[in-house]
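A.B. asks: My questions will all concern the structure given below.
Laboratory data are not the source of any read-out in this text; all were calculated from the coordinates shown. Just so you know, these numbers come straight off a predicted model, no measurement behind them. Here Cβ is always computed from backbone atoms with ideal geometry, including for glycine, and neighbour counts include all displayed protein chains.
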Amino acid sequence: MISKLNELVELAKKRPRRRIAIAAAGDYEVLEAIQHAIGEGWIEPILIGHKPAITTIAEELQFDLSPFEIIHVPDSVQAAYEATRLVREGYADVLMKGLVSTQYLLRAVLDKENGLRAGDLLSHVAFFESPYYHKLLGLTDAAMNVNPTFEDKVALINNAVDAFHKLGVEVPKVAVIGSVETINPKMEATMHAATLSMMNKRNQIKGCIVDGPLALDNAVSRKSAELKHIESDVAGDVDLIVAPEINGANFLYKALNFIGGATAAAVIMGARVPIVLTSRADNERSKFLSIALAAAMD
Ligand code: COD
């Protein structure tokens, strides 16, 4: 069990140093997070972007960039393609989003010939440390797959479970969330959840325990589950929440961060390498911890 995001930093320290390509690196908080991670000794950056912007921010941060490679690509979309190319050709082990729109970075990553696809679906996994929950809480997919089909949800679970395994959590507990914990044929999310749960029981989804549909309250609170007479190995001890679609996931992500006192670390899984994809709204600590998350993966 991992209960604090700082444990990711400890895991990252035990892994070989990672080379990280930052697409459009001219962003204050991204560079601050990179500076912080270099200080910890577990990454080596390649900075791709508008060189004068990068060096100006570095001066403000008193960040000595002289040991590191900076590749001058003024256009942020081109920087996304160049950073992706460097990873694809083996010059870097991790890709990170800087000051470029998520969609453009993801399009570079999904490019059929020059991207980083590994075969199946790519998806976003976030890990939260909340003062109101006893361990890290995973969430998928708040940033990439807009309206996942049933088959996509199988891949979302597999990608996120893979992330847990890479962090040493052997059998994560997965809750497929609906607005209710009973099956309502008019609510497709509950039908999906029940089928995913049964697929897990029949060993068609492995390496985890899946239950659903669960509503958010009974996924995270055993008391709430007991009040509703729900018998579940997942209720109250969930590791991963699978949201019905991106809006619900994104609301939850931002609610946890902005009014729930939580901190997040997030990556895209399912590509050839982990991709650090934080939003502009995430602070330096969240970006730093997301780098740690990517570097911590075995
Ligand atoms: N994994 C693997 N392949 C994919 C995926 C995926 N997750 N998504 C699309 N593809 C493949 C498709 O099968 C197809 O072959 C090709 O990529 C193009 O698919 P489209 O037409 O859906 O591609 P786009 O470029 O229109 O959209 C892909 C995005 C990832 C950009 C899109 O899904 C998107 O905008 N997602 C939300 C990004 C966002 O705004 N996030 C911020 C919210 S915080």
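A.B. asks: Residue-wise, which Karplus ³J(HN,Hα) couplings in Hz belong to region 286-298, taking 6.51 cos²θ - 1.76 cosθ + 1.60, θ = phi - 60°, and x for glycine or proline?
C.D. replies: Computed from phi, the couplings for region 286-298 are 5, 5, 4, 5, 5, 5, 4, 4, 5, 6, 7, 6, 5 Hz.
A.B. asks: Taking Cα centroids, how far is region 217-239 from region 139-201 in Å?
C.D. replies: 16
A.B. asks: If you plug each phi of region 252-267 into the Karplus form 6.51 cos²θ - 1.76 cosθ + 1.60 with θ = phi - 60°, what whole-Hz ³J(HN,Hα) values come out, in order, with x for Gly and Pro?
C.D. replies: Once rounded to whole Hz, the list reads 5, 4, 6, 5, 4, 6, 8, 10, x, x, 8, 10, 10, 10, 8, 9.
A.B. asks: Of all DSSP beta bridges located in the chain, what percent are antiparallel, nearest 5? It would help to have the intermediate numbers written out before the result.
C.D. replies: Values: 13 of 39 bridges.
Within the chain, antiparallel bridges account for around 35 percent of the total.
A.B. asks: Would you mind checking the tilt of helix 28-40 against the longest principal axis of the Cα atoms of the chain, expressed as 0 to 90 degrees and rounded to 10?
C.D. replies: So the helix axis and the longest Cα principal axis differ by about 90 degrees.
A.B. asks: Between helix 76-88 and the chain, what is the angle of the helix's C-alpha long axis to the longest principal axis, kept within 0 to 90° and rounded to the nearest 10?
C.D. replies: 80
A.B. asks: Hey, for a label at Glu226 modelled as a point 7 Å past Cα toward Cβ, could you say which residues of region 174-207 have their backbone N under 20 Å away?
C.D. replies: Within reach of a label on Glu226, which here means backbone N under 20 Å from a point 7 Å along Cα→Cβ, region 174-207 contributes 181.
A.B. asks: Just to compare against my own numbers: the Cα pair-distance distribution for the chain, 10 Å bins, whole % per bin, please.
C.D. replies: 7, 29, 34, 20, 8, 2, 0
A.B. asks: Continuing with this model, one more query. Amide H of Ile2: which non-local residues (sequence gap of 5 or more, or other chain) have their own amide H closer than 5 Å, using H built in the peptide plane?
C.D. replies: Leu136
A.B. asks: Which entries in Lys153/Lys206; Lys135/Lys228; Lys206/Lys254; Lys112/Lys287 show an alpha-carbon gap greater than 18 Å?
C.D. replies: Violating the 18 Å Cα-Cα cut-off are Lys135/Lys228; Lys206/Lys254; Lys112/Lys287.
A.B. asks: Right, next: Taking 8 Å as the Cα distance limit and 6 or more residues as the minimum spacing, I'd like the relative contact order of the chain as a percentage.
C.D. replies: In percent, rounded to a whole number, it is 23.
A.B. asks: Which order do peptides 180-188, 25-33 fall in by mean Cβ count within 10 Å, highest first?
C.D. replies: In descending order of packing, they fall as 25-33, 180-188.
A.B. asks: For region 1-88, calculate the relative contact order in percent as a whole number, restricting contacts to Cα pairs under 8 Å that are 6 or more residues apart. All intermediate terms of the calculation are to be shown ahead of the outcome.
C.D. replies: Details: 113 pairs, mean separation 28.5, N = 88.
That works out to 32 percent.
A.B. asks: What does the charge count near Glu188 come to, summing +1 for each Lys or Arg and -1 for each Asp or Glu among other residues with Cβ under 15 Å from its Cβ?
C.D. replies: Neighbour charge sum, excluding Glu188 itself: -1.
A.B. asks: Follow-up question, since we're still on this one. By counting other Cβ atoms within 10 Å of each Cβ, how are His229, His36 ranked from fewest to most?
C.D. replies: Fewest-to-most Cβ neighbours within 10 Å comes out as His229, His36.
A.B. asks: Name the residue, out of Gly236, Gly178, Gly261, whose mean-square fluctuation peaks in a Gaussian network model built on the chain with Cα pairs under 10 Å.
C.D. replies: Fluctuation is largest for Gly261.
A.B. asks: Normalised by the residues of region 156-237, what does the relative contact order come to in percent, with Cα pairs under 8 Å and at least six apart?
C.D. replies: 30
A.B. asks: Going by amide H atoms built from the backbone, whose H comes under 5 Å of the H on Ile71, apart from near neighbours?
C.D. replies: Those qualifying (amide H under 5 Å, at least 5 residues apart or on another chain) are Leu47, Ile48, Gly49.
A.B. asks: Find the Rg to Rh ratio for region 68-160, where Rh is the Kirkwood radius over alpha-carbon pairs and Rg uses the same atoms.
C.D. replies: 1.03
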